[in-house]
Amino acid sequence: MSVDANVLLDAARKSLERAYAPYSRFKVAAAVLDDQGRVYTGVNVENLSYGLSICAERAAIFAAVAAGARRITAVAVTSSAAERLSPCGACRQVIAEFAAPEVPVFCDAPDAPRRWSVGELLPDGFVASHLAK
């Protein structure tokens with residue numbers, strides 16, 4: 001399945017205003033594409049007790065899973081900051097749970113989106129096959 005990074009990033013950008021970031025004021029939004037061609041979005045939701053906050057990438061993936069998705073075929077992330085960003089370590093691990101190593105991850109930037117594969121963001125990641133050994 002071909003992925004248009006701009007379409008996925010646009011979906012993330014459209015949801016960015018719904019992020020809840022009163023403490024950091026760093027809003028993040030993500031969009032994920034599943035293997036059925038459906039797009040799900042998520043935003044970061046902060047909590048005064050920071051450990052209870054959730055990142056946009058995980059919110060989007062959890063929304064996809066709640067709707068029945070099991071395989072993610074692309075991820076896009078944008079933020080309220082003008083600089084490049086990439087998913088945090090926890091989000092990288094969650095992305096790897098639902099996406100193959102070759103799945104693209106696009107991160108918004110002022111000049112041009114940055115593209116990585118899941119495998120590049122999480123080399124030698126902990127995956128389900130490790131439990132079978």
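Miscellaneous remarks
- Hits in region 69-113 (condition: of a type outside the set (Ser, Thr, Tyr), modelled with pLDDT of 95 or more and over 22 Å from Val127 (Cα atoms)): Val77, Cys107
- Region 37-62, subset exposed (fewer than 13 other Cβ atoms within 10 Å of the Cβ) and of a type in the set (S, T, N, Q), residue nearest to Val3 (Cα to Cα): Asn47
- Residue list for region 99-121, filter: closer than 20 Å to Thr78 by Cβ and among the hydrophobic types (A, V, I, L, M, F, W, C): Ala99, Val103, Val105, Phe106, Cys107, Ala109, Ala112, Trp116, Val118, Leu121
- Scanning region 102-112 for residues being within 14 Å of the chain's Cα centre (by Cα) and surrounded by fewer than 20 Cβ atoms within 10 Å (Cβ to Cβ) gives a total of 1.
- Ser79 being among the small types (Gly, Ala, Ser) and touching a helix residue (DSSP H, G or I) at 6+ places or on another chain (Cβ under 7 Å): no
- Residue in region 1-22 that is farthest from Ala76 (Cα to Cα), counting only those that are open to solvent by less than 90 Å² (accessible area, probe 1.4 Å) and touching an Asp or Glu at 6+ places or on another chain (Cβ under 8 Å): Pro22
- Selection status of Ala29, in contact (Cβ under 8 Å) with a residue 60 or more places away in the chain and within 18 Å of Ser80 (Cβ to Cβ): no
- Looking across region 68-84, the residues that are open to solvent by 20 Å² or more (accessible area, probe 1.4 Å) and either within 17 Å of Thr41 (Cα to Cα) or small (Gly, Ala, Ser) (or both) come down to Gly68, Arg70, Arg71, Thr73, Ser80, Ala81, Ala82.
- Cβ-Cβ under 6 Å pairs, at least 6 apart or on other chains, region 66-89 side basic (Lys, Arg), far side open to solvent by less than 60 Å² (accessible area, probe 1.4 Å): Arg84/Ala109
- Test result for Glu97, in a helix (DSSP H, G or I) and either free of Cβ contacts under 8 Å to residues at least 24 places away in the same chain or out of contact with any Leu (no Cβ under 8 Å at 6 or more places or on another chain) (or both): yes
The values are calculated or read from the model by the stated rules, or taken from the named source; none is laboratory data. These numbers come from a predicted model, not from an experiment. With ideal geometry, Cβ positions are generated from the backbone for all residues, glycine too; neighbour counts draw on all protein chains shown. With ligands, DNA and RNA removed, areas are computed over all heavy atoms of the protein, side chains included. Shrake-Rupley method; radii C 1.70, N 1.55, O 1.52, S 1.80 Å.
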